[in-house]
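So the structure is just underneath, and the comments pick up after that.
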Amino acid sequence: MGSKDVLHRLIDALPENELTSAERFLTGLLEHDAMLRALDAAAEDDEPSTPEEDAGADEAWQEYLRGKAVSADEAKRRLLP
């Protein structure tokens with residue numbers, strides 16, 4: 001039995017009060033951004049971070065907490081000609 005046949009059987013077996021949720025979920029799969037699909041399919045990064053990376057992440061977090069963060073748009077304005 002193919003995957004679509006299985007999905008059809010599952011949908012047919014759903015109680016009426018769950019159909020709207022199933023429809024929203026399936027619609028979301030169709031509308032999902034290609035980049036998000038690629039990220040969802042990617043293997044989890046299991047490489048441990050280095051002490052330098054940890055220190056940089058902590059420094060960035062502390063700057064954010066002090067209100068020193070900039071938006072992506074502002075960063076683009078500063079970095080791109």
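Checking (i) 21.9, 58; (ii) 14.8, 49; (iii) 11.7, 36 against the coordinates, the calculated Rg and Dmax of the Cα atoms in Å falls under label (i). The angle between the Cα long axis of helix 51-65 and the main principal axis of the chain comes to about 90°, on a 0 to 90 degree scale. Here the accessible area of the chain is 56 percent carbon and sulfur, with a 1.4 angstrom probe and all protein chains present. Spin-label pair ALA55-ARG77: with each label point 7 Å from Cα along the Cα-Cβ axis, the two points sit 3.3 nm from one another.
For the chain, the solvent-accessible area of protein heavy atoms averages 95 Å² per residue (probe radius 1.4 Å; ligands and nucleic acids excluded).
The long axis of helix 19-31 is offset from the longest Cα principal axis of the chain by roughly 50 degrees.
Need the full-extension length gain, LEU14 to THR27, defined as separation in residues times 0.36 nm minus the C-alpha distance. One decimal, nm. Don't skip to the answer; put the middle values down first.
Numbers: separation 13, 0.36 × 13 = 4.68 nm, distance 1.65 nm.
Difference between extended and current length: 3.0 nm.
The values are calculated or read from the model by the stated rules, or taken from the named source; none is laboratory data. Predicted model, so just to flag it, every value in this text is computed and none were measured. Neighbour counts run over all protein chains shown; Cβ positions are idealised from the backbone, glycine included. What goes into the accessible areas is simple: the full protein's heavy atoms, side chains included, and nothing from ligands, DNA or RNA. Shrake-Rupley method; radii C 1.70, N 1.55, O 1.52, S 1.80 Å.
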